[in-house]
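Trainee: Sharing a structure with you now.
The values are calculated or read from the model by the stated rules, or taken from the named source; none is laboratory data. In this text the structure is predicted, and so the values were computed from the model without any measurement. Virtual Cβ from ideal backbone geometry, glycine too; neighbours counted across all protein chains shown. Surface areas here come from the heavy atoms of the whole protein model, side chains and all, with no ligands, DNA or RNA. Shrake-Rupley method; radii C 1.70, N 1.55, O 1.52, S 1.80 Å.
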Amino acid sequence: MKAIVRRLLNQGKTVEEIGKQLGMKPEEIFRLSDFSRDDFLEMMIRGRDEYSKATMYTTI
């Protein structure tokens, strides 16, 4: 299972995609990935916008 997770990560799959494909939680993927905590957290946010667009409302 460790080799499968590593291969998918090397192919550029996101943690979310791997979780859906293999039915795993991010914590399980982390344990199998052999990445450092910081590297793994970076992978988890890869592909996401840093901030979402805000909607501005005005009141009169």
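Trainee: For a quick check of your reading of the model, give me the residue pairs whose first member lies in segment 19-40 and is in contact (Cβ under 8 Å) with a residue 12 or more places away in the chain and closer than 12 Å to Ile4 by Cβ, whose second is open to solvent by 70 Å² or more (accessible area, probe 1.4 Å) and among the hydrophobic types (A, V, I, L, M, F, W, C), with beta-carbon atoms closer than 7 Å and at least 6 apart or on different chains.
Mentor: Leu32/Met1
Trainee: Do we find that Lys2 is touching a helix residue (DSSP H, G or I) at 6+ places or on another chain (Cβ under 8 Å) and modelled with pLDDT of 85 or more in this structure?
Mentor: For Lys2, the condition - touching a helix residue (DSSP H, G or I) at 6+ places or on another chain (Cβ under 8 Å) and modelled with pLDDT of 85 or more - is met.
Trainee: Determine which single condition Gln21 fails, assuming it passes every other condition in (1) loosely packed, with under 12 Cβ neighbours inside 10 Å; (2) at pLDDT below 85.
Mentor: (2)
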